[in-house]
Amino acid sequence: MIKDLTIGQYYPVNSLIHSLDPRFKIVLLVVLLVFTFIADNFFALGLMVAFVLVVMVISKVPFSMYLKNLKIILPILIFTMLLNLFYVADGVVLYEFWVIKITVGGISRSVFMSLRVILLIIISATLTYTTTPNDLTTAIERLCSPLRFIGLGSAVHTMSMMMTIALRFIPTLVEETEKIINAQKARGADFESGKLMQRVKAIIPILIPLLISSVRRAYDLAEAMESRCYNGGKNKTMMKQLKIKNGDIISTIVVIIFCCSIITLNIFF
Amino acid sequence: MSFLRVENLTHIYNQKTTYSRDAVSNVSFTAEKGEIIGVIGHTGSGKSTLIQHLNGLLKPDEGHIYIDGTDIWADPKKIKNFRFKVGLVFQYPEYQLFDETVYDDIAFGPKNMGMSSEEIEKTVNEIILEVGLSKDYLEKSPFDLSGGEKRRVAIAGVLAMKPEIIAFDEPTAGLDPSGRQMVTDIIRNYRDKYNATVIIVSHSMEDIAALADKILVMNKGKLQMYGTPKEVFSKGLELKEIDLSVPQVTTVFDILRKKGFNLPDNVITVDEAVKLLVNLKQEGCTND
Ligand SMILES: Nc1ncnc2c1ncn2[C@@H]1O[C@H](COP(=O)(O)OP(=O)(O)OP(=O)(O)O)[C@@H](O)[C@H]1O
Ligand SMILES: [Mg+2]
């Protein structure tokens, strides 16, 4: 069903990772992403894998959820593997046929690169699984708030408002699309068979009602906001105040120690 | 053998996940040609889910649906045939309008059925009158119409397929009294003309009382009662327990009965009520 495609994929459980301040979570996860690239040998990357596995367990999000994410990028993963496998000619040649040459260096490189891609995906998934979309946008707005000193304060607010609204309406639109598809199916519309052109044409009865209702919703929302005297972010405080807790400080320290270990491993091997 | 037979229908949304829930469980009922069945139930009781099974939009997790003796899922490849046999008018059907003119929009279903263009033209011209609009509307854009007119065009789009069974999900929601009257008239006329089986989901007990031959009461996915309007609405207390009400006139008559007036407990429409009250008044006059 279309519902599987939702972007806001928050997984509602209580875990240490869920309870972290979203600002810290974003920064720490970005640091982890960067260190996935900094780790440049198998020892460093191995430590990285171990660390991410621990994070996955602490997050209480089932592994199957993470796997679902990996399934989506499987083609990219395979492509990365093959590319590295064939293009890196380094070390003992294991197999040679015409222009194809598989070497030990190639295999280790392709394993290394795919591990990196997998780590990147899992780290970013951790953020979306453990943080509600609202918290995410609030945190981004807060993190960008220094921009107000260069006169971009209202732009930051506008952007984050747009993001909040977009995220808020994704499930609504998905539901609406499903309804419209069902209504047209009930009138005998066929989306599954026929030639390409016919299939493209079959989308029109869904697209037009969807567009119209989106525009209608946008007007309604704008009107509702205006009638509540919404006028942008000037001098506005947040309803949900973010507070730094002990857990945030501890996890920051853990991540710093972890990063130092990665650098050490990089230097010594 | 009944024309429409639903047997032990069960539907579970999001099976195998933490969000799993039985939207419809073990529902069985039958309906004949020419009958209007009203479906009532508290919000979330599974009414919409139930009717989406009738034309195969949803597949039962358990149970069967027989139309004219055939199980609609006997051959899943032929399920599309039942989309034409069983019409389904969704809630707020005006949001499904998409074509440039009212004509094209009404013709969408018949076209999908593979009707010839002469047939389509004949059908569209006939149906537009049946929903109480004049032929001038055919050339208009559906987006230029009023809400009530859009609703009628959308209903016409389903009626144009001449389904033998037709289900309406809250067809009068959001309409003014005259709009509601118009829609209930369309439904009754369609039944009379084509001897179709009609199923109406509604929150308006008045509409149901005025239209239905039988009422199906849903409660938390289960079928609670199935009977004639008089039978169902005479069980006011039982209905109240599942957050449903009886038509307003029935309540008024209950109050009158409690005050000592000699009135029956199965009055459900205003017309009936008026007759009885007029009689009562005349009796009162003659007694004086
Ligand atoms: N697409 C869906 N996915 C998951 N659950 C659903 C879906 N549609 C309905 N449900 C659930 O199934 C149950 C029955 O819903 P349904 O829409 O059939 O109720 P209803 O009787 O039509 O209610 P209403 O009077 O509000 O329209 C509800 O608890 C609802 O949350
Ligand atoms: Mg419903």
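Using a cut-off of 15 Å between alpha-carbon atoms, which aspartates and glutamates can reach residue A:245, once sequence neighbours fewer than 8 places away in the same chain are excluded? Within the straight-line cut-off, residue A:245 pairs with A:21. Against chain B, whose longest principal axis is taken from its Cα atoms, helix B:270-287 shows a tilt of about 20°. Interface burial in region A:183-200, defined as at least 20 Å² less accessible area with all protein chains than with the chain alone at a 1.4 Å probe, covers A:183, A:184, A:185, A:186, A:187, A:188, A:189, A:190.
Considering only B:135, B:230, B:122, the Gaussian network model of chain B with Cα springs below 10 Å gives its largest mean-square fluctuation to B:122. In this structure, the residue pairs whose Cα-Cα separation is over 32 Å, taken from B:150/B:275; B:240/B:275; B:33/B:77; B:140/B:275, are B:150/B:275; B:140/B:275. Residues of region B:73-96 with accessible area at least 30 Å² lower in the all-protein-chain context than alone (1.4 Å probe)? Residues passing the criterion (a loss of at least 30 Å², heavy atoms only) are B:80, B:83, B:90, B:95, B:96. For region A:136-269, the solvent-accessible area of protein heavy atoms averages 67 Å² per residue (probe radius 1.4 Å; ligands and nucleic acids excluded). Put simply, the C-alpha atoms of chain A give a gyration tensor, and the ellipsoid matching it has half-axes of 39, 32, 16 Å, longest first.
First compute the accessible area of chain B with a 1.4 Å probe, then give the percent of it belonging to carbon and sulfur atoms.
Numbers: 6740 of 13780 Å².
Carbon-and-sulfur percentage of accessible area, whole number: 49.
A simple spin-label model places the labels of residue B:42 and residue B:195 4.1 nm from each other, with each point 7 Å out along Cα-to-Cβ. Cα centroid separation, region B:224-269 to region B:151-221: 22 Å. Buried surface between chains B and A: roughly 1700 Å² of accessible area, summed over both sides, computed with a 1.4 Å probe on protein heavy atoms only. Which of these, B:100, B:35, B:241, has the largest mean-square fluctuation under a Gaussian network model of chain B (Cα springs below 10 Å)? Comparing B:100, B:35, B:241 in the GNM, the peak value goes to B:241. Kirkwood hydrodynamic radius of region A:1-114, from the reciprocal of the average inverse Cα-Cα distance over all distinct pairs: 16.9 Å. Build a GNM of chain A with springs between Cα atoms under 10 Å apart, and of A:27, A:99, A:57 the one that fluctuates most is A:99.
Pairwise Cα distances in region A:71-196 exceed 22 Å for 67 percent of all pairs. Computed extension length for residue A:30-residue A:245: 75.4 nm, one decimal, from 0.36 nm per residue of separation with the Cα-Cα distance subtracted. Computing FRET efficiency as 1/(1 + (r/R0)^6) for residue B:143 and residue A:199, where r is the C-beta to C-beta distance and R0 is 41 Å, gives about 0.95. Convex hull volume of the Cα atoms of chain B, normalised per residue: 156 Å³. Rounded to the nearest 20 debye, the dipole magnitude of the protein assembly as shown is 1860 debye, with +1 charges on Lys and Arg beta carbons, -1 on Asp and Glu beta carbons, and the Cα centre as origin. Taken along the Cα-to-beta-carbon direction at a fixed 7 Å, the label points for residue A:158 and residue B:101 span 4.3 nm. Atom-type composition of the exposed protein surface of region A:109-203 places 69 percent of the accessible area on carbon and sulfur (1.4 angstrom probe). If you take the charge dipole of region B:56-107 about its Cα centre, with +1 on Lys and Arg Cβ and -1 on Asp and Glu Cβ, which of B:88, B:70, B:107 is farthest toward its positive end? The Cα lying farthest towards the positive end belongs to B:70. Just the protein heavy atoms count here, and of the accessible area of region A:11-77 at 1.4 Å, carbon and sulfur take up 81 percent.
Given a Förster radius of 56 Å and the C-beta distance between residue A:57 and residue B:173 as r, what FRET efficiency does 1/(1 + (r/R0)^6) yield to the nearest 0.05? Here the calculated transfer efficiency is 0.70.
The values are calculated or read from the model by the stated rules, or taken from the named source; none is laboratory data. Only a predicted model underlies this, so the values are computations on that prediction, with no experimental measurement involved. When we count neighbours, we look across all protein chains shown, and the Cβ atoms used for this are built from the backbone with ideal geometry, even at glycine. We work out accessible area using only protein heavy atoms, side chains counted, and drop any ligands, DNA or RNA first. Shrake-Rupley method; radii C 1.70, N 1.55, O 1.52, S 1.80 Å.
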